[in-house]
1. Among the residues of segment 186-195, is there at least one that is in a strand (DSSP E or B), touching a Gly at 6+ places or on another chain (Cβ under 7 Å) and at pLDDT 90 or above?
2. Looking only at segment 129-146, filter to residues that are modelled with pLDDT under 70 and among the hydrophobic types (A, V, I, L, M, F, W, C); which one of those is farthest from residue 327 (Cα to Cα)?
3. Could you check, for segment 273-288, whether at least one of its residues is closer than 23 Å to residue 149 by Cα and either surrounded by 13 or more Cβ atoms within 10 Å (Cβ to Cβ) or not β-branched (Val, Ile, Thr) (or both)?
4. Counting just the residues of segment 20-57 that are out of contact with any helix residue (DSSP H, G or I) (no Cβ under 7 Å at 6 or more places or on another chain) and part of a loop (DSSP other than H, G, I, E, B), which one comes out modelled with the highest pLDDT?
5. Give me the helices (runs of 4 or more DSSP H) completely within segment 265-370, filtered to those with at least 3 residues that are of a type outside the set (S, T, N, Q) and more than 25 Å from the chain's Cα centre (by Cα), ordered by residue number.
6. Could you tell me how many of the residues in segment 327-370 are at pLDDT below 90 and touching a helix residue (DSSP H, G or I) at 6+ places or on another chain (Cβ under 6 Å)?
7. Among the numbered conditions (1) in contact with an Asp or Glu (Cβ under 9 Å, 6 or more places away or on another chain); (2) under 29 Å from residue 332 (Cα atoms), tell me where residue 270 comes up short.
8. What about residue 262, is it under 19 Å from residue 171 (Cα atoms) and not hydroxyl-bearing (Ser, Thr, Tyr)?
Amino acid sequence: MTSDTSNPHLVRSPGGWFASISRTPAGGIALALLIRVVLFSTVVTLVLTVLQLTLSYRSERSRLESRFLEIDQASSRSLGESLWALDSRQLQEQLDGILRLPSMRAVEVRETASSNHALTVSRGEPQASRSVIREFPLTCCGDSPQVIGVLQDTLAPTDVIVCAAGSLPGDLHKLWRARDPKGYHMEYGYSCMGYEIAGGLGVKMAAPDRHVYVLVGDGSYLMMAQEIVTAVQEHLAITIVLFDNHGFASIGGLSESVGSGGFGTRYRYRNHETGELDGAVLAVDFAANAASLGARAFRAGTVDELRRALADAKGEQRASVIVVPVDREARVGGYESWWDVPVAEVSSAREVQAARARWEEARRKERDFL
């Protein structure tokens, strides 16, 4: 240690800044203690501030993630239904509701179709920085709409879809977005089962430059599947998408609604013990049937398999049939209206009697608008 003779109070020593603040300054012990308390308080304050900010950030992120999860669970289905229905006004109202939640700054729903006219609805003002963004896939209401959604996303605007009977025309009426005046051919008049494949042949003959997709239920397919032979004979390359729900689901649902239990609308063997059609499942191999008639047959049990089958069928020079199993009970939502289907007035079945009572009650509420 050396001392400066010009200033008896100034002492130089090795050890750096820590050694310097550890020494007793010229002001005495009180000043030294004050300096050390201030420094210690500053360090503690900084540490606690950083810790508090970290905990606050994590807590806020956790609340945001919980809110995103709530939005996904509470709103995804209804948003998906509105998107499939292309209801821009309803989507705007739903997004406005989400935007009123704390910390929400912007919300957007967009259609992932390949069309240049894909629907996009946005609300709010997105921030360029310091934003937490989450994306959720939107789906809609069961297997059949999912198949329709894949077709909507895959088909070109000039491709033609053909349909006629069962619940599919109603589903398409709600969900399909036509992008060409000649791209949507539907037999609405009499819901003629068996029309679809023959109608698809006519469309292909009238517009040979367009890809034609026939959408048909398994029940309607059985009515007139033999027109596949005509398609093969005439070298007409159409693609038939067969919805297999193991029976006549549309009329089965109507039968159940009037108390008749969906009689004869499921593929079942007759039970010799009961005398009813409630025996074992009657397996129908639609792919094998189509192949026997000369078509290229595909089985598509998943979305990926359906996409691959559609791509492969597009390259075929003959008729193709894609068999897609769907859930019989999964249906597209209705129009919140009542369908006046008369119910048997006299029946020994309690289900029919109950259905008749409901029908009579609904009839009393019926109003004529024209």
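The values are calculated or read from the model by the stated rules, or taken from the named source; none is laboratory data. Quick caveat: nothing in here was measured; it's all calculated off a predicted structure. Using ideal geometry, Cβ is built from the backbone for each residue, glycine included, and neighbour counts are taken over all protein chains shown.
1. Checking segment 186-195: not a single residue is in a strand (DSSP E or B), touching a Gly at 6+ places or on another chain (Cβ under 7 Å) and at pLDDT 90 or above.
2. 140
3. Yes - at least one qualifying residue is present in segment 273-288.
4. So, considering only residues that are out of contact with any helix residue (DSSP H, G or I) (no Cβ under 7 Å at 6 or more places or on another chain) and part of a loop (DSSP other than H, G, I, E, B), the one modelled with the highest pLDDT is 28.
5. In segment 265-370, the matching helices (runs of 4 or more DSSP H) lie at 286-292, 350-365.
6. 5
7. Of the numbered conditions (1) in contact with an Asp or Glu (Cβ under 9 Å, 6 or more places away or on another chain); (2) under 29 Å from residue 332 (Cα atoms), the odd one out for residue 270 is (2).
8. For residue 262, the condition - under 19 Å from residue 171 (Cα atoms) and not hydroxyl-bearing (Ser, Thr, Tyr) - is not met.
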